[in-house]
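Student: Would you mind keeping the following structure in view while I ask a few things?
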Amino acid sequence: MEKKEYTLALLVSNKPDVLARVSGVLGGRGYNIETLCVDATLDPAYSKIILTTIQDKATIGKIEKQLIRLIDVHKVTDLTKVEAVSREMMLVRMKLSDTNKGHLALIIDTFNGRVITMNGDHCVMEITGDRAIIEKAVASLKPLGIDDMARTGIVSLERQID
């Protein structure tokens, strides 16, 4: 079967060890979590976990069934099956030089990024977009010398269709 990336949203109790049990369901069966993002919801009793994994259709069905059986997992939604908005945010620290400043400004403009901090020889910029945009930004910045970077992983929210 063909493998593809799936995005799952889990509504879970906001308690210690819930994330460990969720990741254990996947890791214990040899499934990799590609990205993971967790935060409390508007109701502090619950957290939302957004994770991505590369699987085939049959395996993702098994994963969903295994996850919903966990105590403290209240809902599992496959956001790949519904209309959803997905984004990722990246922070990148770059060394500044006379030769790369003009290129950096162009890249920041092209990807609707913004400079968060700048001192004499370094800057930290933020770029937000879907995975394809983030990957293109990384490819554009690499030749200019990325000093360090951090990515959030995918955050995703189902669209409401009226």
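Student: Name the long-range amide H neighbours of Asn14: under 5 Å, sequence gap of 5 or more, or other chain; modelled H, no Pro or chain starts.
Tutor: Tyr46, Ser47
Student: Under 5 Å between amide H atoms, partner at least 5 residues away or on a different chain: which partners does Ala84 have, H built in plane at 1.01 Å?
Tutor: Amide H neighbours of Ala84: Arg159.
Student: Taking 0.36 nm per residue of sequence separation and subtracting the Cα-Cα distance, how much length would be gained by fully extending the chain between Asn112 and Asp147, in nm to one decimal? Mind showing how you got there, number by number?
Tutor: Numbers: separation 35, 0.36 × 35 = 12.60 nm, distance 2.03 nm.
Fully extending the segment from Asn112 to Asp147 adds 10.6 nm.
Student: So, one more: Please return the longest range in the chain lying between exposed loop sites, taking trypsin sites (Lys or Arg not before Pro), DSSP loop only, at most 14 other beta-carbon atoms within 10 Å, and leaving the sites out.
Tutor: Numbers: sites that count: Lys3, Arg29, Arg69, Lys81, Arg159.
The longest such stretch corresponds to 82-158.
Student: Now a separate question. Loop-only GluC sites (Glu not before Pro) in segment 61-146, please: DSSP not H, G, I, E or B, and at most 12 other Cβ atoms within 10 Å. Don't skip to the end; give the middle numbers.
Tutor: Numbers: sites: Glu64, Glu83, Glu88, Glu126, Glu135; in loops: Glu83.
Of the GluC sites (Glu not before Pro), the ones in loops of segment 61-146 whose Cβ has at most 12 other Cβ atoms within 10 Å are Glu83.
Student: Seen from all sides and averaged, what is the projected area of the convex hull of the Cα atoms in segment 28-80, in nm²? Display every interim value, and only then the final one.
Tutor: On the way: hull surface 16.5 nm².
Its average projected convex-hull area is 4.1 nm².
Student: Let me ask something additional. So, counting K/R as plus one and D/E as minus one, what does the shell of residues with Cβ under 12 Å around Gln66 add up to?
Tutor: Details: positive: Arg21, Arg29, Lys62, Lys65, Arg69; negative: Glu64.
Local charge sum for Gln66: +4.
Student: Hey, another quick one. Return the calculated 222 nm mean residue ellipticity for the chain, to the nearest 500 deg cm²/dmol, obtained by summing -39500 (n - 2.57) across DSSP H runs with n ≥ 4 and dividing by the residue count.
Tutor: Helices in the chain give a 222 nm mean residue ellipticity of -8000 deg cm²/dmol.
Student: Let me ask you something else. Taking a 19 Å limit on the Cα-Cα distance, which of the listed pairs Lys101/Lys142; Lys3/Lys75; Lys4/Lys62 fall beyond it? Numbers along the way, then the final one.
Tutor: Details: Lys101/Lys142 14 Å; Lys3/Lys75 24 Å; Lys4/Lys62 15 Å.
As for pairs spanning more than 19 Å Cα to Cα, those are Lys3/Lys75.
Read-outs: derived from the displayed coordinates by stated rules, not from any lab. Keep in mind it's a predicted model, so treat the numbers as computed, not measured. All Cβ positions, even for glycine, are placed from backbone atoms using ideal geometry, and neighbour counts span all protein chains on display.
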